[in-house]
Each structure stands twice: as C-alpha cells, then as structure tokens.
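Working notes for the structure below.
The values are calculated or read from the model by the stated rules, or taken from the named source; none is laboratory data. None of the values given here were measured: they were computed from a predicted structure. So basically every Cβ, Gly included, is an ideal-geometry build from the backbone, and we count neighbours across all protein chains shown. We work out accessible area using only protein heavy atoms, side chains counted, and drop any ligands, DNA or RNA first. Shrake-Rupley method; radii C 1.70, N 1.55, O 1.52, S 1.80 Å.
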Amino acid sequence: MVINKIGDEHHKEVQKWLNLYMGKKILKIVGWVLVGILTLFIISLLYLKIAGPAYVKKQMIERVEDRTNGRYSLAIDSLDFKIFPISLHLGGVKLKRNYEIRQYSGNPLLDKFNIDLRFRSLYVDRFKVRRFLFGNHLKVDEFRWIEPSLVVRKNRNYDPSRATQEQIDTVSVVARDSIQADTLLADGEARTEFVETSRQVLPSLDLKRLEIQNAYFAIYGGIVEEPVQEVKGLRLNLNEVKFKEDDDIPFGVEGLSIELDSAFTIVSNSTAKLGVAGLDITPQNYHLDSVYYHNTVNRYRMNRLKGFRANWVDLRVKNLDLNGLDYAQMIADSAVLVNKIEIQEVYVNLFKDKSEKRINLAHQALPPELVRNIPVPVDVDTLLIRNATLHLDAQAPSAKAPGRLILDPINVQITNLTNLPSRLTEDPMMVLQLDTRLMGVAPLNARYQFKIDDPADTFTVSGSLAPMDAKVMNPFIGSQFFIEFKSGYFDTVEFTFTGNNQANVGEMDLEYRKLAFRKLQNYQQFLDKSPKMGFVSAAGTFVVPSNRSKSDKHYKKSVIYYEKEYNRDFIHGTVMSVLSGFANSLGVLRKDLGKMQEQAKNVEKKPSKKLFKKKKKN
C-alpha cells in the first residue's frame, strides 16, 4: 500500500513536470511563430516602403494608358504612401493628351475634351477608397493640392457615333474679331458642357478638409484662340466638402478661406468678359480689389449680335466688400443673405447705337419684377455705391459722332433689396437714393421707392436738379436732338411721379430764364461756328419766355405723363417721363393732371409706337 502510494505521487510529479515542459515548449513555439510573423510583417512593410511606391506608380501609369486606350499618358516624378494611417503623396504629376493616338477612351470627359493636368504635389491623408482610380467614391480626411494647373480644350471633332474610329482632334482657331455670334456662343457653351460632363464621370467625394494652393485653370472652346474662362493664383480652404452626382456641393464654413490673384470668364452669350482680381473670402466677409466687365466685340456690332439697340458696356470697380455674411444660414436656406454691400470707385461707359432699325419685341421688366424674378432668394439690407462715374454715349442716326451724357460723381444707397416673402410681408418697399452731378456740374438727386410684392410693379420717383446753365447740356443734346442752347438758365427743376407697368403720371416744377436755342439740321451744323441755316433753322434763334415763379399767383405745374411700352426699359421710361414734363412746361403737350391720371388707368400694354409706323400708300 505504501509502495503504491509512493508510485502514484511520483507519477503525478512526472506528469506535472511533463505538462510544464510541454507548455513552455508550446509557448516557445508560439513565440517564435509570432516573432516570425512580426518579422515577416516588418519585412513586408520595408519592402512596401522600398519597392511599393515604384510598383504603385507603375500600376497607375499603366492603368491610365490602358483605360484610355493610349489616348492619355501619366507621368509621376515621385510617389510615397503610409499604411498607418493610410496616406498618399504624389509629386511632379502630369496627365496629358497623346495626340498621336486618335482612338477614343470611352470616357466622355476625356473624349469630348483634351485635358492637360499638372501639379507639383498632392497630399491625401487618411483616405478610404472604393475603386479609387476611375472609380466612384473617395473619402478623405485631408486633401492638399499644391500648384495644380488644369487646361481644358473642347474637342470640336468629337462624334460619339464613331467612338471606335480614328478621329482628328485638331481644329484651327481664329481671332475673336473675325467670327460670328453663333461661334462665340458655341465657345461659351463648351464651358457649360465641361461642367455637366464632369459631374457625370467624377467620383463622389467626402472630404473633411480641402486645401488648394496657387491653382491655375483655363478652358478653351476650341474655336477662339483665347480661353472662355481662366483662373490664376487660387488659394482655397474648405471644411466638410461633399460632392455627389446630380447634387449641389454643400460645405462647412469653419476655416473657410478663398484668395484669388485674378480670374475672368466669358459671359453674355460670349460677347463680354467678366474679370476679378484680389479676391479674399472669409466666413464673415467678401472682398475684391477690382472687378471689370466689358464687351469683347466692336461696339458698333452689338446690335447685330444681341438685338435691338443693345448697350455696349465697359464697367470697372476698384473695391467691392460684402460684410456680415452668414454662410451657414445661406447654405441652410439656399439664399444670398448679406447685411451690407459696398462698392467704391466705379466707372461705367455705356454706348448705344440708335441707328438700328430692327424691331425687338422682348418684354423689358421694371425693377420690382426684376427683383422678384432673381433665380435665388436674396436679402440685402444695404447696398452702397460710392464715387461712381457714368458716361453714356448715344449714336443718333444722322450724327457723325455720339453725344455724351455724364453723371459724376455718383453716390447710390439701396435699402431692403429682397425677394424673401417673410421680409416683404414686414416691409415691401425697396428704396433707392441717388445723388450725383449732371454733366459733372449741376447737383441732381432722386429718390425711388419700389413696391416689390405688387404685381402692377408700382413705384414712385421724386427728384430735383439744382440751378444750372442751359448750355451745359449741349454736348449731349446737340448731336442727339440737333438743338443747341445759346443762352438761358434753369433755376428750379423738381419732379415727382408715380408709375407701374402701364403708365407714369406726375408733376414738375420748372423755372427758367431767358432760354434761347437754335434748331440744327444735322450734326455738322453743331460743329460749325457759323452754320448755314436751313429751312427749319432759318428763323435763327428761338427765345422761350421765362416761366412764372412758384410765388406768382397764376403759376401752374406741368404734367408728367408717359405710357409704358413693354419693350422699353425702366431707364428709358424715366427719361421720357422727365422730358414730357419739360415739354409741358415749354408750352407743348399742355395737359391736365386729373385727366391724365384717369387716362393712365385704362392704358393697354403695347410695344414702342416708333417701331410700327404705317407705310405711306403710293
């Protein structure tokens, strides 16, 4: 019994020792396996670090060439990436069109346009991809793009029905002055087509932070030798950027910053260029050092390109500021919400060729309708324009040179510029205050009040012109109306009238002294010091008796009356209304105010009478 008990204990000790030995051996084996796996993993990481970038770079280059059928080639100077966290760095990248290959790639963006993309560096941190290259989704924590350059040219010979055949992609370009309006329009449409095509093929994006430094972008329409849009020196910072096909691009405003050296785009059916310089955007403010807009075609060709008596425009602005912006609310409401817009040092030169005889039946809306029809909700508390200059040149049919009307300086304040129903319920009146000098000499001020929510487009105008010598107006009226003031003085000009989309009716106080003028036959007479008198002007100088003073017993105000022509704009209606007051004061078209107010209620909308003259029978 004792022997058996000793044997059992010895057996247990042996078993315990064997179990301990086997456990240590297993742990040792497992340890060596883990060490081997870790070593292999480290070696793999080192291999990926050393050989991986070259392999990935090679695969990207081959994939681009294969996916585009050799139509595009990709060159990469350097490539580096990290596994933890996943990040990628590309340097010295060039994607360019290989013009020796004419076969289509099957990608509409790369086939419809010839694209040249280059950039110095690209940093992508913590990204997740699903079919990243030519794929459909990209999610990135941080995307930094250094000195990218993108030049896009429309392929004018693109034919989707012959996508498998060879095509010639070169189109000879021509100078802008030698092309027709439809060609200009075609170049402008290429920009729109590029945007729409890009939205269809680019992957959806989800970026926490986007940074672009010193970017350049240009798009050519494929016909005109200059770009239809160009951006230089773009520096951009945005947070929470998301892009999805057939969707807008919402973004957060924290850290928002946009700077721009210069940019321009072709607008207005490709007949004008809009450019900016010195753009600086922060979450609360928007600043531009300068803005310019000018027509790119000869000013005497504007009528043929755009229609009846179109304005040729040259606009330059030195400083533009938008203060009190709330981007978060603007994005949430899909509206433009601005506390104050201030524009300084504005120069505007308008040219109108009045010799054009073609008929334009297009409806010209009044300011209330224009504000209501702004395609996006707008709410601007105050708009200020300071130190502006306006030169209006008008070419009369028989004049050899245009006459010029000058307003300098101009100061304008507009309040309650809005089309938001909630704001219009509180206050439907938009007010415009104008202070300037007529011909740079005579002080002129006017106050406009527009009822924005009124379907009849009701508005009121009141203004006054300080005393002035009548001869001040000769540079404009001499070449336009063939009248020259020889002497005289306007002591008081005060006017007020109410208008809508049917007629303008009001009154004018006009006091003048010793007005004398002569009627000219043509513009050359205006230039001659001793003009030869024709039949009409043979009577010599006409003298207009002085008007009574407002303090006189029999003083009578003159009547302003103008029936709205639906194809004439608001400025034309205002000028014609004031001129009717002048004509009434001088003894022409003398009318009773009460009768004119009743007549205005029954006016039917009609086009300009001057455009529909009856032909005389032979």
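Listing for the model above:
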| read-out | value |
| --- | --- |
| The lone exception for VAL376 - which of (1) at pLDDT below 85; (2) under 28 Å from TYR566 (Cβ atoms); (3) surrounded by fewer than 16 Cβ atoms within 10 Å (Cβ to Cβ); (4) among the β-branched types (Val, Ile, Thr) it fails | (1) |
| The range 184-193, residues that are open to solvent by less than 30 Å² (accessible area, probe 1.4 Å) and modelled with pLDDT of 70 or more | ALA190 |
| Residue list for the range 194-228, filter: at pLDDT 75 or above, within 17 Å of ILE115 (Cα to Cα) and aliphatic (A, V, I, L, M) | VAL195, ALA215, ALA218, ILE219, VAL228 |
| Residue count, the range 280-293 (criterion: under 18 Å from SER262 (Cα atoms) and at pLDDT below 85) | 3 |
| Residue among THR436, THR389, THR418, THR425 that alone is modelled with pLDDT of 85 or more and open to solvent by 30 Å² or more (accessible area, probe 1.4 Å) | THR425 |
| Some residue of the range 464-475 being under 32 Å from the mean Cα position of the chain (by Cα) and open to solvent by 30 Å² or more (accessible area, probe 1.4 Å) | no |
| Boolean, VAL505 is under 15 Å from VAL578 (Cα atoms) and β-branched (Val, Ile, Thr) | yes |
| Some residue of the range 88-105 being of a type in the set (Gly, Ala, Ser), touching a residue at least 40 places away in the same chain (Cβ under 8 Å) and open to solvent by less than 50 Å² (accessible area, probe 1.4 Å) | no |
| Output for the range 399-415, where each listed residue is more than 21 Å from VAL575 (Cα to Cα) and surrounded by fewer than 16 Cβ atoms within 10 Å (Cβ to Cβ) | LYS400, ALA401 |
| Top-ranked residue of the range 126-157 - restricted to ones that are in a strand (DSSP E or B) and within 20 Å of ASP77 (Cβ to Cβ), ranked as modelled with the lowest pLDDT | PHE143 |
| Qualifying residue in the range 444-458 (condition: of a type outside the set (A, V, I, L, M) and without any contact (Cβ under 8 Å) to a residue 12 or more places away in the chain) | yes |
| Unique match (being in contact with a Pro (Cβ under 8 Å, 6 or more places away or on another chain), in a loop (DSSP other than H, G, I, E, B), at positive phi and not hydrophobic (A, V, I, L, M, F, W, C)) among ASP453, ASP457 | ASP457 |
| Hits in the range 397-427 (condition: in contact with a strand residue (DSSP E or B) (Cβ under 7 Å, 6 or more places away or on another chain) and not in a strand (DSSP E or B)) | PRO402, ASN419, LEU420, ARG423, LEU424, ASP427 |
